[in-house]
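Working notes, beginning with the structure itself.
Every number here is computed from the coordinates shown, using simple stated rules; none is lab data. Because the structure is a prediction, the values reported are computed rather than measured. All Cβ positions, glycine included, derive from the backbone under ideal geometry; neighbour counts span all protein chains shown.
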Amino acid sequence: MKKNTFTFILLLIIGLVAGALVGQLLAPVPGLSFLTKSVELAWEPRADLLVLKYDFHIQLKLNLISLLGLAASFWIYRKL
């Protein structure tokens, strides 16, 4: 498989989503609450240029398991 930027970004997104899904599945387990506690990061760029007006809302909810998924996807990319 050829290494390129698209493959790298795709694997990182897949790793984050997989980690988030595992985190959601493990959320009801009381002993693993430290792994599933989420931190929200938000960025809201907006501008009004009289002719053009835009407003974006980008939000990330990260937990330890999603970061482990991100690290695993980076490791898989390096092994390709």
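By the scheme Lys and Arg +1, Asp and Glu -1, what is the net charge of all other residues having a beta-carbon under 9 Å from that of ARG46? Once positives and negatives cancel, what remains is -2. Along region 11-20 the Karplus relation, 6.51 cos²θ - 1.76 cosθ + 1.60 evaluated at θ = phi - 60°, assigns HN-Hα couplings of 5, 5, 5, 4, x, 5, 5, 5, x, 5 Hz to successive residues, with x for each Gly and Pro.
Sequence-ordered 3J(HN,Hα) estimates for region 67-79 from the Karplus curve with 6.51, -1.76 and 1.60 and θ = phi - 60° stand at 5, 5, x, 5, 5, 5, 5, 5, 5, 5, 4, 5, 7 Hz, glycine and proline given as x. Computing P(r) over Cα pairs in 10 Å bins from 0, in percent directly from the structure and comparing it against (1) 17, 34, 26, 17, 5, 0; (2) 16, 24, 26, 20, 10, 4, 0; (3) 12, 24, 19, 16, 12, 12, 6, 1 singles out (1).
Its DSSP H runs of at least 4 residues, each contributing -39,500 (n - 2.57), put the calculated 222 nm mean residue ellipticity of the chain at -17000 deg cm²/dmol, to the nearest 500. Across region 31-47, rounded Karplus estimates of 3J(HN,Hα) from the backbone phi angles (6.51 cos²θ - 1.76 cosθ + 1.60, θ = phi - 60°) give x, 10, 5, 5, 7, 9, 6, 9, 10, 9, 10, 10, 9, 10, x, 8, 8 Hz, Gly and Pro being marked x.
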